[in-house]
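Trainee: Pasting in a structure now, in C-alpha cells, and then I'll have a few things to ask.
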Amino acid sequence: MEVKIWGCRGSLATPGVETLRYGGNTSCVEVRVNDAVLVFDAGTGARRLGAALAEEGPEELHLLLTHLHLDHLEGLGFFAPLRRRGNVVHIWGPPSPVRSLAERISRYLSPPLFPVQLSDLDATIHFHDVPDGEWEIAGARLTAGHVIHLGPTVGYRIEHDGWSLAYMPDHEPALGVELIPTQSEWISGYPIAHGADVLLHDAQYTDDEYAARIGWGHSSVDTAVAYAQAAHAERLVLFHHDPVHGDVQLEHMLGHACDLWRNGGPPPTLASEGMEISP
Amino acid sequence: MSDGSRHKSVVLILAREFATRLATPMFITDADGNMIFFNEPAEQIVGRAFADTGELPAAEWRALFQVEDSEGKPMPLEKLPSGIALNERRPSHAQLTVGWPDGRRREIAVTAFPLFSRSAEFEGAVIVFWEEPGGPAG
C-alpha cells in the first residue's frame, strides 16, 4: 500500500507564504493498493490529484468521503477523472436516513452553488452508502465507523498485507469522554484506529483554542496524542491543520505533541502536501 | 476492546455524556435491553454506583426494583415505558410506583424513548425517572 497526501488543511483552503511547508489544500489522500486507486475525501487537494490521475488514466477508482462538509467536497467539481467518458468512479460516504448520498452531494454540485451538476459529468458514477461491516476493494480490507463530528461522519481504516492506515480527519473524541482512563468501547472510532500502523487524525487546535471550541467537531493536539495512545496506534500523523496556523505555529504544535508522546515508536509528525507513507 | 464488551455507537457515547451532566436520573440501555450506563442521580434508584455494577444484563437490572401500577399490581415489562421503548421502539411515559427489596416505595414518573442513529439503526433506549410532581427524583 502506498499513501500520498494531496491536502491536509482543515476547514478552508489556505494558500500563502505562511503555509508553504505543510500546504493549504483541504483534505485529500490517495491510496494505491494492488494497482487500484482509492481517494479519501475530495477537498481542494483533489484538483491536483485529479490532474495527475488524468495523465495516468486509471479507468476505475474509488472516492471515499468521510462526510460532506465543503472542505472535504469542494474539489469534486474539479476532479478530472469525473469528466472523462468511460471512467467509472465509485463514491462512498456515510448514510443518511433522509437523503441519498447522491442527493446530498448534489446540493453542492448544482446551481447556484456550483455551475456544473452531477448529471453533467461524463464519468459513470456509482454511489454507495458505506456498509456497517468490513468490505473489500482490490484485495484491501476496508472498515468505516461513525465518529463524533457535526453531521454524519465516518472514519476509515484500510488494511492490506498486514499493514493498516486509519484516516480520521474530522473527529472530536474528547466530546464524549475523558479518553484516559475510559474503557475503549466507549471511545469514538476506537475500532477504526486500534493498532493502526499509521493514524491520520484531526489535530486542528491547541489546547487553549479547543477550550473555546468544544462541540465544533475537532480535536486539539493533546486530544490527538491521547487518542492515538489510547488506541495503540503505531504512528500518529497530525492532520486537518487550522487555517489560521502557519508553518511556524504548526511546528510549535508538533513539538508539543512529541513532548506528550509516550507510545514509543516514531514520534508524531505533521501531515504535509506531497507526503508519502508506505509500510 | 479492553474487556470484550461491544464497541458503543456514537449515539450511545453521546447519550452517556449527556447523562453524566444531568441532575435527573437516567438509564441507557443497548438495543438488547442491557443496562450499559446509569448516571449518578440514578444510583438512588439502583442502590449502587455504576462504577460498582458495571454493565448489567437485561434480566439483572430489571430485578433490582419492582414496578407497580396505581393499584399496586406488578407491571409486566412490556407495559413499562422501558419495555415499550425497547420492544415497540416508540416513546412512552407513565406514572408508576417503584418498590425496592427493603420495602421502600416511591411514586415516580418514567419517560423512555428509543435511540436511532442517522442510519436509522436502533441503538438502544434512554429511560428517565422523574419524582412526582415534576421535580427530579433522587
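The values are calculated or read from the model by the stated rules, or taken from the named source; none is laboratory data. Computed from a predicted structure; not experimentally measured. So basically every Cβ, Gly included, is an ideal-geometry build from the backbone, and we count neighbours across all protein chains shown.
Trainee: Would you mind listing the strands (runs of 3 or more DSSP E) fully within the range A:138-221 where at least 3 residues are hydroxyl-bearing (Ser, Thr, Tyr) and within 14 Å of another protein chain (Cβ to nearest Cβ)?
Mentor: Counting at least 3 such residues, we get no strands (runs of 3 or more DSSP E) at all.
Trainee: Okay, moving on. I'd like to check something: does the range B:85-99 contain any residue that is free of Cβ contacts under 8 Å to residues at least 40 places away in the same chain, within 12 Å of the chain's Cα centre (by Cα) and under 17 Å from B:Phe37 (Cα atoms)?
Mentor: no
Trainee: Next question, about the same structure. Restricting to the range A:166-180, and then to whatever is touching a residue at least 12 places away in the same chain (Cβ under 8 Å) and more than 11 Å from the chain's Cα centre (by Cα), can you tell me which residue is surrounded by the fewest Cβ atoms within 10 Å (Cβ to Cβ)?
Mentor: Applying the filter and picking the extreme gives A:Ile180.
Trainee: Let me ask another. On the basis of being at pLDDT 95 or above and either surrounded by fewer than 24 Cβ atoms within 10 Å (Cβ to Cβ) or within 17 Å of B:His7 (Cβ to Cβ) (or both), does A:Asp161 make the cut?
Mentor: So A:Asp161 passes the test.
Trainee: Here's another thing I want to ask about it. Of all residues in the range B:100-117 being away from chain A (no Cβ under 14 Å) and small (Gly, Ala, Ser), which is nearest to A:His67 (Cα to Cα)?
Mentor: Step by step, filter the range B:100-117, then rank; the result is B:Ala112.
Trainee: Related question: May I ask you to verify whether B:Ala120 is surrounded by fewer than 19 Cβ atoms within 10 Å (Cβ to Cβ) and within 14 Å of another protein chain (Cβ to nearest Cβ)?
Mentor: yes
Trainee: Quick one: count up the residues across the range A:251-271 that are surrounded by fewer than 23 Cβ atoms within 10 Å (Cβ to Cβ), in contact (Cβ under 8 Å) with a residue 40 or more places away in the chain and in contact with a His (Cβ under 8 Å, 6 or more places away or on another chain).
Mentor: Residues flagged as surrounded by fewer than 23 Cβ atoms within 10 Å (Cβ to Cβ), in contact (Cβ under 8 Å) with a residue 40 or more places away in the chain and in contact with a His (Cβ under 8 Å, 6 or more places away or on another chain) within the range A:251-271 amount to 1.
Trainee: If you don't mind, another one. Could you check the range A:242-279 and list, in sequence order, the residues that are out of contact with any strand residue (DSSP E or B) (no Cβ under 9 Å at 6 or more places or on another chain) and either among the hydroxyl-bearing types (Ser, Thr, Tyr) or at positive phi (or both)?
Mentor: Hits for the range A:242-279 are A:Gly264, A:Gly265.
Trainee: Let me ask something else. In the range A:108-151, which residues are crowded, with 20+ Cβ neighbours inside 10 Å and either on the phi > 0 side of the Ramachandran plot or not hydrophobic (A, V, I, L, M, F, W, C) (or both)?
Mentor: Answer for the range A:108-151, where residues must be crowded, with 20+ Cβ neighbours inside 10 Å and either on the phi > 0 side of the Ramachandran plot or not hydrophobic (A, V, I, L, M, F, W, C) (or both): A:Thr143, A:Gly145, A:His146, A:His149.
Trainee: Here's a follow-up. Which condition number in (1) under 12 Å from the mean Cα position of the chain (by Cα); (2) under 15 Å from A:Tyr156 (Cβ atoms) is the one that A:Asp71 fails?
Mentor: Looking at each condition in turn, A:Asp71 falls short on (2).
Trainee: Starting from the range B:58-80, keep only residues that are free of Cβ contacts under 8 Å to residues at least 24 places away in the same chain, then list their pairs with residues that are part of a loop (DSSP other than H, G, I, E, B) whose Cβ atoms are within a distance under 6 Å, requiring at least 6 positions of separation or different chains.
Mentor: B:Met75/B:Asp69
Trainee: Something else now. For the range A:76-107, which residues satisfy the criterion of being touching a residue at least 24 places away in the same chain (Cβ under 8 Å), more than 14 Å from every other protein chain (Cβ to nearest Cβ) and surrounded by fewer than 16 Cβ atoms within 10 Å (Cβ to Cβ)?
Mentor: Correct list: A:Arg85, A:Gly86, A:Val88, A:Ala102.
Trainee: Can you name the residue in the range A:215-247 that is aliphatic (A, V, I, L, M) and in contact with a Lys or Arg (Cβ under 9 Å, 6 or more places away or on another chain) and, of all such residues, is surrounded by the most Cβ atoms within 10 Å (Cβ to Cβ)?
Mentor: Looking at residues that are aliphatic (A, V, I, L, M) and in contact with a Lys or Arg (Cβ under 9 Å, 6 or more places away or on another chain), I get A:Ala228.
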